[in-house]
Every structure is written in structure tokens, then in C-alpha cells.
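The values are calculated or read from the model by the stated rules, or taken from the named source; none is laboratory data. Keep in mind it's a predicted model, so treat the numbers as computed, not measured. Cβ sites come from the backbone with ideal geometry, for glycine too, and all protein chains shown count toward neighbours.
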Amino acid sequence: MKSKAPSIPYLIWMLVFTIIPLAMVVYYAFTDRSGNFTLQSFADSLFYTDVFVRSLWIALLSTAICLLIAYPLSYIMSRAKASTRNVITMLIMLPMWMNFILRIYAWVLLLQNDGLVDLAVHLLGLDVPLLGNAGAVVLGMVYNFLPFMVLPIHSVMLKIDNRLVEAAQDLGAGKAKVFSKVIFPLSIPGIISGITMVFVPTASTFLVAQYLGGTGDKMIGDVIENIFQRDKNVGSAISLALMIIILVFIIIMNKFGDEEAAVA
């Protein structure tokens with residue numbers, strides 16, 4: 001019988017940094033400042049429904065754009081030589097070596113008035129505000145979370161047996177048919193994994209909107225951060241609601257993935 005001792009540090013880590021904080025959030029969400037049971041915090045959180053909707057919309061839009069960019073890039077990488085593939089992977093991962101806040105602030109410098117991108121846009125004869133709007137927030141989301149979409153899709157595509165492609169070609173399938181009947185179905189697990197890995201952080205992050213967005217582009221993460229400073233009960237209720245929404249999304253994506261695996 002194998003010893004369970006090696007798992008004890010991980011269990012302690014989960015207890016201290018996951019289970020206990022989650023239990024505290026649940027406790028504060030269902031109590032008032034006196035510690036009495038109440039649902040008033042959830043009623044107060046309804047005031048931020050529009051922020052919830054905006055956050056989910058920006059998260060879905062950012063995830064969709066990441067998928068549109070990542071899928072063809074992952075396909076090209078999977079068909080490239082190993083040396084080329086390694087270079088592209090390094091270029092994708094290179095920004096991740098830099099601090100998250102620094103990456104966001106770099107975009108602030110590029111998009112602000114008289115920034116490099118702003119000057120380039122003006123040279124084209126356009127006068128478009130690049131900073132302080134939802135577009136800048138989506139740009140920041142895509143830039144920061146694109147690798148989380150590319151890597152799982154590329155990993156799955158790389159494992160596709162090339163003999164399946166050759167068999168389809170031998171049976172008379174053209175490139176479009178091979179892609180739609182072989183490559184795309186087999187890459188769906190990577191797509192689902194990538195969508196989950198991008199949607200979850202984009203729905204809950206707050207720094208991107210704070211630096212790149214305007215006053216009307218606050219996301220639910222910004223609201224939670226601000227409210228926790230003055231009312232941890234309402235903040236906990238909003239956090240719990242967001243966790244439930246994300247959990248439902250993950251369950252749906254996992255169920256969809258299981259159905260695709262069963263079909264395959």
C-alpha cells in the first residue's frame with residue numbers, strides 16, 4: 001500500500017489557500033456585519049447586474065478573438081518544422097516572462113496620446129481614441145491571454161496522427177474535407193481547454209480595465225476590489241455569484257467536451 005505522506009503538503013496548501021478562503025467568502029456572503037444570516041448582500045449585488053453583463057460580454061468577445069487568432073496559428077505551428085515551431089512558441093511565451101502589470105502599462109504607453117500607435121494612426125489621417133474605451137480593454141485581454149488559447153490547441157494538434165490525414169487523402173478527400181472531417185474534430189478538446197483557460201481569467205480580472213478602460217468600462221473584478229474595501233459582505237456575495245457563473249460555464253464546456261469525445 002502506497003504512503004499518503006507525499007500528498008500531505010498539497011492537502012495543506014489546498015486547505016489554507018483554497019478551502020478556508022472560499023469558506024470565508026461563503027460565510028460573509030450569507031451574513032451581515034453582525035454575523036447574522038441574511039440574503040441582503042445578494043439583493044444589494046443586483047445593483048451591479050449591468051457590470052456583470054458587460055464583464056461577461058467582454059470576456060466572451062476576448063475569448064472569441066483569441067480563438068480566431070490562435071486556431072490558424074496553432075495549425076501553422078503544428079505543420080511547421082520543429083525549429084520554426086520552437087521559435088514561434090518562444091515568441092508567444094516571451095511576453096509572459098514580464099510582469100502582468102508591466103505588460104498592461106506598456107500598452108498604456110503605446111495607446112496614449114502621442115504614443116507610438118497613436119502617432120501611427122494619426123499618420124494615416126485617422127483621429128480615433130485608442131485608450132480609455134472597451135476596445136482597449138479587449139486588446140489588453142487578447143494580448144495577455146492569447147498564449148493560454150494557443151498552447152492547448154497547438155498541443156492537441158501536434159498529437160494528431162498524421163496517418164489519419166494520409167488515410168483521408170488516400171480516400172479522395174481534399175484539403176477542406178480533411179480539415180473539416182479529421183483535423184477540426186480531433187482538435188476540439190484543445191479548443192475547449194483554451195476557451196476555458198481564457199474565459200475564466202478574462203471574466204474575473206480587473207487590472208486590464210483599470211489601466212486601459214474608461215470610467216464606463218469597469219468590470220466585475222474592479223467592482224469586487226472596490227467594494228471589499230468598504231463592505232466585505234456585499235463583496236463576498238458578488239464574488240460568490242461570479243464563482244457560480246464561472247463554475248456553470250466550466251461544467252457546460254466539460255460536458256460539451258465529453259459529448260465530442262463520445263462521438264469521436
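Hey, could you check the range 190-233 for residues that are among the polar types (S, T, N, Q) and within 30 Å of Ser34 (Cβ to Cβ) and say which is surrounded by the fewest Cβ atoms within 10 Å (Cβ to Cβ)? Here the answer is Gln229.
This table checks each residue for (1) at pLDDT 90 or above; (2) farther than 23 Å from Ala209 by Cα; (3) touching a Gly at 6+ places or on another chain (Cβ under 6 Å); (4) hydroxyl-bearing (Ser, Thr, Tyr).
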{"site": "Phe30", "(1), (2), (3), (4)": "yes, yes, no, no"}
{"site": "Arg33", "(1), (2), (3), (4)": "no, yes, no, no"}
{"site": "Leu60", "(1), (2), (3), (4)": "yes, no, no, no"}
{"site": "Met96", "(1), (2), (3), (4)": "no, no, no, no"}
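Inside the range 41-52, can you point out the residues that are farther than 13 Å from Val223 by Cα and either among the small types (Gly, Ala, Ser) or without any contact (Cβ under 8 Å) to a residue 40 or more places away in the chain (or both)?
The initial filter retains those residues of the range 41-52 that are farther than 13 Å from Val223 by Cα, namely 41-43.
Once the filter is applied, which keeps residues that are farther than 13 Å from Val223 by Cα and either among the small types (Gly, Ala, Ser) or without any contact (Cβ under 8 Å) to a residue 40 or more places away in the chain (or both), the range 41-52 yields Ser41, Ala43.
Report, by residue number, each residue of the range 185-230 that is free of Cβ contacts under 8 Å to residues at least 12 places away in the same chain and aliphatic (A, V, I, L, M). Hit for the range 185-230 is Ile227, nothing else. Is there a residue being out of contact with any His (no Cβ under 6 Å at 6 or more places or on another chain), within 30 Å of Ile224 (Cβ to Cβ) and crowded, with 17+ Cβ neighbours inside 10 Å anywhere in the range 69-83? Checked against the condition, which is being out of contact with any His (no Cβ under 6 Å at 6 or more places or on another chain), within 30 Å of Ile224 (Cβ to Cβ) and crowded, with 17+ Cβ neighbours inside 10 Å, the range 69-83 yields at least one hit.
Screening Ser62 against (1) of a type in the set (Gly, Ala, Ser); (2) assigned to a loop (DSSP other than H, G, I, E, B); (3) in contact (Cβ under 8 Å) with a residue 40 or more places away in the chain leaves a single unmet condition, (2). Each residue in the range 210-232 was checked for being at pLDDT below 90, over 28 Å from Phe30 (Cβ atoms) and not in a loop (DSSP other than H, G, I, E, B), and 2 pass.
Within the range 99-139, the only residue that satisfies the criterion of being part of a helix (DSSP H, G or I), of a type in the set (Gly, Ala, Ser) and over 26 Å from Phe199 (Cβ atoms) is Ala120. Glu166 satisfies every condition listed in (1) more than 21 Å from Thr215 (Cα to Cα); (2) without any contact (Cβ under 8 Å) to a residue 40 or more places away in the chain; (3) not in a helix (DSSP H, G or I); (4) not aromatic (Phe, Trp, Tyr) except (3).
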